[in-house]
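These notes are about the structure you will find just below.
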Amino acid sequence: MSERPILVLDEGTTSTRAMLYAPDGRRLGMAQADLGQYYPRPGWVEHDATEIWEKTLACARDMVALAGGADQVAAIGITNQRETVVAWDRRTGEPLAPAIVWQDRRTAGHCAALREAGEEEAVQRRTGLVLDPYFSATKMRWLLDHAPAVAEAGARLAFGTIESWLMWKLTGGQHVSDASNASRTQLMALDGTDWDIGLCDLFGVPPQALPEIVDNIGAFGATQAEWFGQPIAIRGLMGDQQAATIGQACLTPGDAKATLGTGAFVLAYMGGAVPVSRHRLLGTLLCRLPGETSYALEGSLFVAGSLVQWMRDELRLIATAEESEALARSVPDSGGVAMLPALAGLGAPHWRADAKGTIHGLTLGTKRAHIVRAALESLSHQLHDLAGAFAADGMPWRTLCIDGGMSANDWIAQDLADILDLPVDRPADVETTARGAAMLAAVGAGLFPSLAAAAAAMRAERRCFTPALPDDARNERLRRWHALLACA
């Protein structure tokens with residue numbers, strides 16, 4: 001086996017990172033740079049695609065240097081925030097407008113109009129996705145309607161999600177999107193292999209502006225020599241939540257993972273069965289290989305770590321994200337405070353784009369710690385709602401594997417076990433999104449014969465949290481949560 005490491009580019013919502021992985025799964029290094037998020041109007045969230053590219057390249061160069069040069073890197077794997085849309089000029093390679101982020105709500109009216117026209121059932125049947133501003137198609141249409149440079153680009157227009165944008169820049173013009181990201185645009189049928197012309201017509205997106213859809217493992221070209229001194233092969237592409245599922249080795253039907261990052265996303269492995277939800281969950285393509293496609297059932301929460309960031313940056317309730325754990329432990333309960341964290345609407349299983357955040361139960365005795373604890377508790381309450389929807393769809397969780405930045409908080413991990421009333425399992429290295437991308441690239445580079453073999457070789461040590469909350473306390477918290485939902 002080659003000892004050359006895998007370089008992973010993990011482009012997230014609030015930061016971009018490059019990581020170096022040994023073939024045995026050890027993380028050898030990480031470079032990270034924060035990304036600006038821009039809020040030009042309430043409900044709008046934008047990124048600067050040029051900033052994403054430049055900071056990703058800088059982080060990657062740091063890791064290539066750590067590896068000893070480009071010739072010491074076996075391959076690159078890319079994973080990314082899904083649904084975010086970039087529009088750029090094919091001739092210049094420059095963005096034509098700010099990137100519209102997955103959290104953005106500006107197309108709620110377009111989604112409502114399609115729903116009122118009776119389109120949602122057909123869209124969900126074909127794509128596995130409900131009509132919501134979360135997904136990419138209405139973002140693309142908005143750019144065509146409201147960004148003059150996009151509207152005027154004509155044949156020069158290129159649309160893509162973030163992995164597509166990075167591929168274009170890294171390779172000097174290769175326009176591709178992997179099947180996991182393409183399946184989140186609402187422009188690809190869940191059981192299809194290419195863009196669906198009927199869906200493109202429905203959403204008003206020109207298919208000629210879209211990238212070629214490719215598998216998740218393959219020979220995707222190589223980086224231009226100018227970026228790292230010589231080319232490096234790109235061998236794996238996958239959306240972040242699917243990559244985390246692979247990184248958690250959730251490869252048996254019924255295995256479920258929750259990534260607690262900017263948002264919170266639960267995926268349960270479905271194998272080759274195309275998922276159909278009757279309880280407002282999402283069917284999503286997990287992984288596509290030559291002659292083999294696997295699927296997952298998904299529940300998406302739009303606000304998780306971003307709630308902690310909001311309490312830190314806007315309310316100044318905490319100085320650091322890590323302080324939230326100590327504050328939550330400093331009080332025996334939330335003091336009657338309950339929080340509905342709908343700062344970007346409500347995701348699954350409610351799908352209320354118009355919902356707003358609420359803090360209920362404040363008194364003169366309410367302390368800062370009570371509000372912070374109520375915010376952290378709200379994550380467990382939302383995941384409890386998702387657990388009920390998964391069970392109703394015939395996919396109950398036996399154990400929940402967690403990862404992502406928020407999962408490093410022991411209080412949150414234990415609270416999830418208490419409210420869900422089931423074991424919660426956490427790897428020692430919570431960066432399983434990057435680990436999954438490393439597995440993909442390692443298979444693509446020939447280091448392992450299959451994802452199962454890569455998962456076995458790159459498995460991390462784990463810690464299990466078991467339920468310890470009395471039934472009456474759990475039921476009282478859920479009663480207050482459901483009362484708050486009813487008011488909202």
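Any read-out appearing in this document is the output of simple, stated calculations on the displayed coordinates, not a laboratory observation. Not measured: the values here are computed from a predicted model. All Cβ positions, even for glycine, are placed from backbone atoms using ideal geometry, and neighbour counts span all protein chains on display.
Figures for the structure shown
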| read-out | value |
| --- | --- |
| Average projection area in nm² (convex hull over Cα atoms of segment 371-488, one quarter of hull surface) | 9.1 |
| Cα centroid separation - segment 76-115 against segment 131-199, whole Å | 7 |
| Debye, to nearest 20: dipole size of the chain, +1 on Lys, Arg Cβ, -1 on Asp, Glu Cβ | 440 |
| ³J(HN,Hα) computed for each position of segment 366-373 - Karplus, 6.51 cos²θ - 1.76 cosθ + 1.60, integer Hz, glycine/proline x | 6, 10, 3, 5, 5, 5, 5, 5 |
| Amide H contacts under 5 Å for LEU96, placed H, 5+ residues apart | ALA87, TRP88, ASP89 |
| Computed [θ] at 222 nm, helices only, for the chain once each DSSP H run of length n ≥ 4 contributes -39500 (n - 2.57) | -10500 deg cm²/dmol |
| Using alpha-carbon coordinates, inclination of helix 471-487 to the longest axis of the chain, degrees | 70 |
| Gyration tensor (Cα) of segment 183-247, equivalent ellipsoid semi-axes in angstrom | 28, 17, 10 |
| Most positive-pole-ward Cα, TRP44, VAL86, GLY68, against dipole of segment 1-112 from beta carbon charges | TRP44 |
| Order by protection proxy (mean Cβ within 10 Å, highest first), peptides 52-65, 375-388 | 375-388, 52-65 |
| Cα-based shape type of segment 224-324, given that a ≥ b ≥ c are square roots of the gyration tensor eigenvalues and the cut on a/c is 1.5 | oblate |
| Translational diffusion coefficient (Stokes-Einstein; Kirkwood radius from C-alpha pairs) of segment 410-466 at 4 °C, 1.567 mPa s, in µm²/s | 102 |
| For segment 6-240, size of Cβ-based charge dipole, Lys and Arg +1, Asp and Glu -1, in debye | 240 |
| Rounded, prolate or oblate (a/c below 1.5 giving rounded, otherwise prolate when a/b exceeds b/c) for segment 109-193 by Cα gyration tensor | oblate |
| More than 31 Å apart - percent of Cα-Cα pairs taken over segment 6-240 | 21 |
| In Hz, Karplus ³J(HN,Hα) per residue of segment 251-267 (6.51, -1.76, 1.60; θ = phi - 60°; x = Gly, Pro) | 10, 10, x, x, 4, 10, 10, 10, 9, 9, x, 4, x, 10, 9, 9, 10 |
| Whichever lysines have a C-alpha closer than 25 Å to that of LYS55, once near sequence neighbours (fewer than 8 apart) are set aside | LYS139, LYS169 |
| For the chain, with +1 on Lys and Arg beta carbons and -1 on Asp and Glu, the positive-most of TRP195, PRO290, LEU20 along the dipole | LEU20 |
| Along each principal axis, Cα extent of the chain, largest first, Å | 62, 53, 43 |
| More than 21 Å apart - percent of Cα-Cα pairs taken over segment 1-127 | 54 |
| Principal-axis tilt of helix 136-146 within the chain, Cα atoms, nearest 10 degrees | 70 |
| Farthest positive-ward along the chain dipole, Cα basis, beta-carbon charges - from LEU383, GLN32, PRO231 | LEU383 |
| Spin-label model distance (nm) - ARG479 vs VAL274, 7 Å beyond Cα toward Cβ | 4.5 |
| Residues of type lysines that LYS367 reaches as a straight line, Cα spacing below 29 Å, ignoring anything fewer than 8 places off in the same chain | LYS356 |
| Summed side-chain charge close to ASP410 - residues other than ASP410 whose Cβ falls under 13 Å, Lys, Arg +1, Asp, Glu -1 | -1 |
| Cα-based equivalent ellipsoid of segment 150-302: semi-axis lengths in Å, sorted from largest, via gyration tensor | 27, 21, 14 |
| Under the Debye formula (equal points on every Cα, no solvent term), log10 I(q)/I(0) of segment 352-422 at q = 0.15 Å⁻¹ | -0.64 |
